[in-house]
Amino acid sequence: MGATGSGKTTFINLLSGSKLRVGYGLHSCTAEVEAAQPFIVDGRSVTLIDTPGFDDTNKTEAEILALISQFLATTYTNGRKLNGVVYLHRISDYRMGGIARRNFRLFRQLCGDDSLQNVIIVTNMWGDVKPEVGEAREAELARSDSFFRAALDKGAQLMRHENTKRSAYRILGAVMGFTPRALRIQEELVDEELLLAETDVGAGLQAELRRQSLAQQEIVRELSVEVKELEENQDCCPSVLDELRADLQKAQEALARAEIENKKLVEFHGRTQLELEKKMEALMDAMERREIELHESREHELQQQQLIEELENALAIGDEYDSDNEADTPKSRAQLVKPLERRESRQELEAALTTAREERDRLQSTLADERYRNDVNMKVLYKAHQLDVELLEAQYERKVADMEQQHEVKAQQALQAQRALRNQGGRVRVNSGYGKVQLMLLPVKGSPRFTPGFFQDLGTAVRAL
């Protein structure tokens, strides 16, 4: 929460990767309560809620209060409590004027003193001021009774956001450490079944609107007297009279707005409240669907990771067999057919790689569809499958390279062994296939008897083959 233009939406987009609309002009962009795409932090699902400021350029304070309070009531009725509330304030503001103080006063009344332990007041836009200037303003905000001191004394925290993910996650980490609790407005609307105008924040806004009405009435009365006097004065300058009439019209319009806003606040029930309830129920349903999709995506990612680990373990077992096969101990027939099993493992690796590529390509085609182009969950799934493909490709390339290298080494060993056999007076013909090796010893005419060294070289040849 916070004033219009305080950076609420930018802060949420930075953390969640959402694309909520951000305003950079004088008019506010967040006109409704919006839920960002959920995301995972330390194994926990996080959903950030964006709200319009009380000083919104499109809606009155009463309308903003009705939106926020109805959302909070709906979530509380559905058994969900907030972990915490982040209130953003621009450190770049030269002073905290009357509107800013009134906004924070309404915010405090909405939260209630007991919930201020779950509130973090965040100063941002530090890049727009010199460090010493920002620090002086921060200190004044913290120690002044007119600003944040009362809230800080009740347990609220003051933190800085430096427009980096690191500082944003530090703030989020603090909020995630809070114990979820109900805000005062939730208890009043749901547990105590009060009307919005009867709540603390509703009564506070009514008092402020009455004060504005009285002030505007006095301005209208004074301007009316001045306009009447000038109209009776024949020597009056027409431009001065026109200017006063314009001021009088503005004051009358401001008085009418204050009275209408107060009336809306008092009459916020019945049809208007039902319409907001339906809107907030739809928002709640959308939030829950997104969270379910996120958990399913997370589960799929974990399953893919488990598959990758199993493939890596299978490759590691094959490598262990290579090491064992180089030992001088005799091998059983079951060990002799192990290379065939290894070839099958390589085929399984190829099949897994093909499957991962097909799933990645399917998701890529889905993301090309306009309807899913900004779907964060789809993008998460695509990235997960892209990672699967990269890992499997790396494993496959390493496997093929290892097998080729082993084949080359053993071929050289076999060649050397055959040369040694010929030097001993014999030659060997080798028929190998399907895990079996047949040796035929052929004596060379005129050769001496086979010596002990011949049989040693023969053993080396067999192992190499």
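Taking 24 Å as the cut-off for C-alpha to C-alpha distance, list the pairs among Lys19/Lys130; Lys8/Lys165; Lys279/Lys383 that go past it. Don't jump to the answer; show the numbers that get you there.
Details: Lys19/Lys130 30 Å; Lys8/Lys165 14 Å; Lys279/Lys383 33 Å.
Violating the 24 Å limit, Cα to Cα: Lys19/Lys130; Lys279/Lys383.
Within the stretch 126-175, which trypsin sites (Lys or Arg not before Pro) sit in a loop by DSSP and count at most 16 neighbouring Cβ atoms inside 10 Å?
Details: sites: Arg137, Arg143, Arg149, Lys154, Arg160, Lys165, Arg166, Arg170; in loops: Lys154.
Those satisfying the criteria are Lys154.
Cα centroid distance between the stretch 129-206 and the stretch 214-233, in Å?
Between the Cα centre of the stretch 129-206 and that of the stretch 214-233, the gap is 42 Å.
Would you mind telling me the share, in percent, of accessible area of the stretch 114-240 contributed by carbon and sulfur at probe 1.4 angstrom?
On the way: 3370 of 7180 Å².
Answer for the stretch 114-240: carbon and sulfur cover 47 percent of the accessible area.
Take every Cα-Cα pair in the stretch 106-253 and report what % of them are more than 28 Å apart. Mind dumping the intermediate values first?
Working: 5475 of 10878 pairs.
Distances greater than 28 Å cover 50 percent of the Cα pairs.
What nm value, rounded to one decimal, do you get for the distance between Arg289 and Glu397 when each label is placed 7 Å out toward the C-beta?
4.1 nm
In what order, largest first, do His407, His161 sit by accessible area if the probe radius is 1.4 Å?
Sorted by accessible area, descending: His407, His161.
Please give the solvent-accessible surface of Arg245 in Å², to the nearest 10, using a probe radius of 1.4 Å with every protein chain present.
That residue has around 100 Å² of solvent-accessible surface.
To the nearest 10 square angstrom, how much accessible area does His295 have with a 1.4 angstrom probe?
So the heavy atoms of His295 present about 100 Å² to solvent.
For the stretch 386-392, just list the computed ³J(HN,Hα) in residue order, Karplus coefficients 6.51, -1.76 and 1.60, θ = phi - 60°, integers in Hz, with x standing in for Gly and Pro.
With coefficients 6.51, -1.76 and 1.60, one gets 4, 5, 4, 4, 4, 5, 5 Hz.
When only the heavy atoms of the protein chains count and the probe is 1.4 Å, how do Lys250, Lys279 rank by accessible area, highest first? It would help to have the intermediate numbers written out before the result.
Numbers: Lys250 130, Lys279 100 Å².
Listed by decreasing accessible area, they come as Lys250, Lys279.
Contour minus end-to-end for Lys263 and Arg44, with contour as 0.36 nm per residue of separation and end-to-end as the Cα-Cα distance?
Working: separation 219, 0.36 × 219 = 78.84 nm, distance 4.30 nm.
Gain on extension, Lys263 to Arg44, equals 74.5 nm.
Determine the order of Met287, Met1 by accessible area, beginning with the largest, at a probe radius of 1.4 Å.
Solvent-accessible surface, decreasing: Met1, Met287.
Thr74 accessible area, nearest 10 Å², 1.4 Å probe?
Its heavy atoms expose roughly 10 Å² to the probe.
Could you calculate the contour length gain from Glu309 to Glu296, that is, 0.36 nm times the residue separation minus the distance between their Cα atoms, to one decimal place in nm?
Numbers: separation 13, 0.36 × 13 = 4.68 nm, distance 2.00 nm.
Going from the current span to full extension adds 2.7 nm.
Let's test the formula: R0 of 22 Å, r as the Cβ-Cβ distance of Glu243 and Arg221. What FRET efficiency results, to the nearest 0.05?
Values: r = 18 Å, r/R0 = 0.82.
It comes to 0.75.
The values are calculated or read from the model by the stated rules, or taken from the named source; none is laboratory data. Not measured: the values here are computed from a predicted model. Ideal geometry is used to build each Cβ from the backbone, glycine not excepted, and the neighbour counts take in all protein chains shown. Only protein heavy atoms, including side chains, enter the accessible area calculation; ligands, DNA and RNA are left aside. Shrake-Rupley method; radii C 1.70, N 1.55, O 1.52, S 1.80 Å.
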